[in-house]
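This report concerns only the one structure given below.
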């Protein structure tokens, strides 16, 4: 096929995919199908940074300096309109590398990007800074292709600023340059910088700004079986490799994860394993976790997109050189590969051609989050939004606790926003940033306590909707045919709802939707 047709066709596919993602992401938000975790907490954080000036939020739970840039954009637009802008930008950033892939690899390169299921979940699963990893890593590989290794250090180091776990991918970029490109000086400096930054974040910044605790990825209970710290975890992995391998291979969910990630490309990335070095930290974070991080429907796959796509595009040439020995020619094999990617998109993704998009409520595979119906606003959605406008004032000091699956601008555009039942029955501690001082912060690494004090907040409004999936915080109750399919979680959630209704005043109730008010003493 003519090179110009390849480039223009690839660019056209990129633009159309970007437009589809923008429409789907913004429609999903408009129809009340986003979550407190994570769109609500992110946008509440951006509101605090841009409108209230509480910049310390970039260090709470995770270290995410790029939140400052998104907060600036958030503050430029009216707070009701800003979510649409940020969701659109997130979608466009995810497909941006398609323009380079079109020039470098033609239409097949673009299809590898836009058909890969992580692109769709990262665009449609709420909002996260993780989407920035996709263009940054493609930028890194672009500069590597041009042998501009020193310049490649810029995206590799910038990667760490997205979120501290990606500092481990910064390290992996350095190791990739060391091993695969024999670029010893640049590779070593990148790897060392990533290690130092990761330790700074996990040992100082997150513990200090998260009330002496922290919730960075490797500090969660999902990795407690490996040890209590990163060095103890590494020792466990290196000294007990068979136990670790058993943990991975004996898990049906983790095997499904691997099949989805590699099977989407017919396992061709394995022909060029060197490029997969950059993906190793993400595989480790996902596969070594005892829970949560190996799900394919989340944002945790963002760091896999670029190395998997590049490894596939490089690996297919090795495969084709071998396969051309048989009767099917090069064009035939490329057609088979493309059809395989389309099938993988249908099976794994939430795109408009996927089974997740089309399977109806009567199917056991029906997805409340990604079925085509979630992109259309209903009369009931409009009733809920109107009620929120009437009963939730634009008042930043007001504390709101909402069911995780019910999320809207009137709820998260404030300082204190939580997922039910947080703050409903027990006060929640948070830092009083007025007491922050740089002297105390500099003393913290040497054993000093955080200089600020804690204040305790309780919810003023509670928002519930019994007709959408039930959550306890961010823990989901399996939602099948419009009902919770876990008796223990169902009973616990219903108990919380009954208790909240007893202890609060009902401001509004209609069709299973509640707005509750805490009585003033």
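The values are calculated or read from the model by the stated rules, or taken from the named source; none is laboratory data. In this text, all values refer to a predicted model and were calculated from it rather than measured experimentally. Please note: Cβ atoms are built from the backbone with ideal geometry, for glycine as well, and neighbour counts cover all protein chains shown.
Numbers at a glance
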item: Residue 304 vs. criteria assigned by TED's automatic domain parsing to the domain that holds residue 144 and crowded, with 21+ Cβ neighbours inside 10 Å; result: yes
item: Helices (runs of 4 or more DSSP H) wholly inside segment 105-159 containing at least 1 residues that are under 22 Å from residue 11 (Cβ atoms) and within 17 Å of the chain's Cα centre (by Cα); result: 117-124, 133-145
item: Hits in segment 356-379 - residues which are crowded, with 17+ Cβ neighbours inside 10 Å and at pLDDT 85 or above; result: 356, 357, 369, 370, 371, 374, 375
item: Tally of residues being farther than 22 Å from residue 389 by Cβ, assigned to a loop (DSSP other than H, G, I, E, B), out of contact with any helix residue (DSSP H, G or I) (no Cβ under 6 Å at 6 or more places or on another chain) and in contact (Cβ under 8 Å) with a residue 40 or more places away in the chain across segment 399-444; result: 3
item: Test: residue in segment 46-62 that is in contact with a strand residue (DSSP E or B) (Cβ under 9 Å, 6 or more places away or on another chain) and either modelled with pLDDT of 95 or more or assigned to a helix (DSSP H, G or I) (or both); result: yes
item: Test: residue in segment 2-19 that is in contact (Cβ under 8 Å) with a residue 40 or more places away in the chain, closer than 21 Å to residue 389 by Cα and in contact with a helix residue (DSSP H, G or I) (Cβ under 6 Å, 6 or more places away or on another chain); result: no
item: Meets criteria (modelled with pLDDT of 95 or more, within 30 Å of residue 256 (Cα to Cα) and surrounded by fewer than 16 Cβ atoms within 10 Å (Cβ to Cβ)) for residue 352; result: yes
item: Failed item in (1) over 21 Å from residue 352 (Cα atoms); (2) touching a residue at least 40 places away in the same chain (Cβ under 8 Å); (3) buried (at least 17 other Cβ atoms within 10 Å of the Cβ); (4) out of contact with any strand residue (DSSP E or B) (no Cβ under 7 Å at 6 or more places or on another chain), with residue 95 passing the rest; result: (1)
item: Members of segment 1-39 found to be under 19 Å from the mean Cα position of the chain (by Cα) and in a loop (DSSP other than H, G, I, E, B), listed by number; result: 32, 33, 34, 35
item: Hits in segment 10-30 (condition: more than 27 Å from residue 405 (Cα to Cα) and surrounded by fewer than 17 Cβ atoms within 10 Å (Cβ to Cβ)); result: 12, 15, 16
item: All positions within segment 466-495 that are buried (at least 19 other Cβ atoms within 10 Å of the Cβ) and modelled with pLDDT of 90 or more; result: 468, 469, 470, 471, 493
item: Any chance residue 415 is crowded, with 16+ Cβ neighbours inside 10 Å, within 26 Å of the chain's Cα centre (by Cα) and not assigned by TED's automatic domain parsing to the domain that holds residue 202; result: yes
item: Qualifying position, being in a strand (DSSP E or B) and under 26 Å from the mean Cα position of the chain (by Cα), among 463, 506, 515; result: 463
item: Residue within segment 36-49 that is farther than 29 Å from residue 476 by Cβ, in the same structural domain as residue 119 (by TED's automatic domain parsing) and surrounded by 23 or more Cβ atoms within 10 Å (Cβ to Cβ) present; result: no
item: Which listed residue is over 27 Å from residue 40 (Cβ atoms), without any contact (Cβ under 8 Å) to a residue 12 or more places away in the chain and surrounded by fewer than 24 Cβ atoms within 10 Å (Cβ to Cβ), from 181, 146; result: 146
